[in-house]
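First up is the structure itself, then whatever we jot down about it.
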Amino acid sequence: MIKLRRTTSAVLAATFAATLAAALAAPLAHADSVASSASSAGSASSASISDSIGGSSNSSNRDRRVAAGDYKVIDVAQAPAKAETTRLTLRPVAGTAAQEFTLDVPNRALAARRVDAGAVVHVNERVYGYEFAYADTKQPFFLALQDDWYRELGSRQVTI
């Protein structure tokens, strides 16, 4: 009976140690994969306002203010000096006081659905920046984040 108790205690201790080791290791591996996924997802569908919104040839480069509302895509082109990036030239739909501007969007953000010339894009102003969505479905495809918000999303190595 004493030998059986020692064997049972040893098995329980070994099981507990193995379970504890697995429990401690799993969150670290999971946290690493979650952080990696979030980082890559964020970079595919967002960028800072200063890197993505510019004035068109008809507007002041200093005035990067975008208003909420609908915009017609008047041109779609490769963004100059930006690999894997599409430049959309957006003109406000009649009746809004907003200005024409350009929007540089990573090609990965448009992988599920392209935006062609003549399409209408809906812009929502958010506390963190601007949300660009397909006007017909209101499905967002890109976020232009205030620069300080965008900096906060940067990947940082964490030592545990």
Determine the sum of side-chain charges near F142: Lys and Arg each +1, Asp and Glu each -1, restricted to other residues whose C-beta is under 15 angstrom from that of F142. +2
Residue span A117 to D147: 0.36 nm per residue of separation minus Cα-Cα distance leaves a gain in nm of 8.0 nm
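How large is the convex hull of the C-alpha atoms of the stretch 47-152 per residue, in Å³? All intermediate terms of the calculation are to be shown ahead of the outcome.
On the way: hull volume 11.2 nm³, N = 106.
Each residue corresponds to 105 Å³ of Cα convex hull volume.
As an exercise, use a Förster radius of 25 Å and the Cβ-Cβ distance of Q139 and I160 to find the FRET efficiency, rounded to the nearest 0.05. If you can, show how the numbers build up before the last one.
Numbers: r = 37 Å, r/R0 = 1.48.
Computed FRET efficiency for Q139 and I160: 0.10.
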Could you list S45, S50 in order of exposure, starting from the residue whose Cβ has the fewest other Cβ atoms within 10 Å? S50, S45
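Rule-based calculations on the coordinates, nothing more; no lab input. All of these numbers come straight from a predicted model, not from anything done at the bench. All Cβ positions, glycine included, derive from the backbone under ideal geometry; neighbour counts span all protein chains shown.
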